[in-house]
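Since the structure comes first, as structure tokens, the remarks are kept for the end.
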Amino acid sequence: MPSEPKIDKNDPAQREAGRKLLLQHLEEAHATEQALVTNLRAHIAMTPRGSYRASLERHLSETQQHERAVARRIREIGRGQGLLHAAYGVVTTAVGQALVLTKGPLDLLRGGPRGEEKLLKNARDEVVTEALEIAIYDVIAALAQALGDEPTARLAARHRTQEEQMLAELREHIPRLGAAVAQARAGRRPSFDWGETGAADAVRATARARRPRVKKTAPPLSDYDSLTATEVVSKLPEFTQEQLKATIAFERAHRKRATVTERAKSLQEDEPFSGYDEMTARDVAQRLTDTDEATARKVREYEGRHKRRVEVLEAAQRQLSEASS
């Protein structure tokens, strides 16, 4: 019996032939992954929500990662040697034409095969593609191992494992998809619902994104809605600046009472110093014992327009009197 073929790494001609063959299959893997990204997107667009679509969506993410990883490995191997083969564009075109099956969504819209039948055909096409990818990665792994290219061998093994998992999942989905076709042909209630497909979900998501967002505004007080406009206006001087801001926003969004809004706006101004509105009368009075004349005047004027706390007004006046004496 003839001996099993084996690449002799010590033979420059065999080593170079093996390297070129490895690069060729990496290019085919890259073209296949690119085509499958397009294919999966088209299939997801026509697939209703459920376990089958979940598999497709997960594998789309994996395939996008595969495409980037293989492209990166091609650059690393081909660096300094013309990068890609001159035939790479031909490979990409041929594989793309063989694998990209994007007529599906148009078939459905134009009254093509039943939805159930289209899904079954898609699953069968996907099985073929997965088997092709597994075979390509088999070749890549074997060549890389023979040439001592461990990074490429690990990449091929990792991708092949995920392709094998997807192939197994597809084979589990196919019996259910076949049963759905049989029921549809027998006149049973169709299982395919265009409103549950990926395309329909995308349309709804776009509509939600374009819908004007209504800001939720909270009232400044828990019992605010029970107060009349007159009652609110009488309370406004006691509100903090944040409460005044909330009052204006709430009125504009809900009650639209001009008397309340205009009064609240007239009371909006800068606090005498940071955190003023949250301080007690005693705290403000204590702060005034060690402040300058300008700040004391701001406090007196602000307090006179707002809470009118006697302790604060007296402390401010006392500080102003001491400053002028």
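Each residue in the stretch 141-175 was checked for being charged (D, E, K, R), closer than 30 Å to L119 by Cβ and touching a residue at least 60 places away in the same chain (Cβ under 8 Å), and 1 pass.
Here the condition is being modelled with pLDDT of 90 or more, closer than 19 Å to A157 by Cα and part of a helix (DSSP H, G or I); of R68, R53, it holds for R68 alone. Every listed requirement among (1) of a type outside the set (K, R); (2) assigned by TED's automatic domain parsing to the domain that holds A42; (3) without any contact (Cβ under 8 Å) to a residue 60 or more places away in the chain; (4) more than 24 Å from L36 (Cβ to Cβ) is met by P190 save one, (3).
Residues are listed down the side, and each one gets a yes or a no for (1) within 36 Å of the chain's Cα centre (by Cα); (2) of a type in the set (G, A, S):
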residue	(1), (2)
R176	yes, no
T230	no, no
S234	no, yes
K245	yes, no
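Entry remark, the stretch 10-31: residues being among the hydrophobic types (A, V, I, L, M, F, W, C) and either surrounded by fewer than 17 Cβ atoms within 10 Å (Cβ to Cβ) or at pLDDT below 90 (or both) number 3 in total.
The values are calculated or read from the model by the stated rules, or taken from the named source; none is laboratory data. Owing to the predicted nature of the structure, the values given are computational and were not obtained by experimental measurement. Note that each Cβ is placed from the backbone with ideal geometry, even for glycine, and that neighbours are counted across all protein chains shown.
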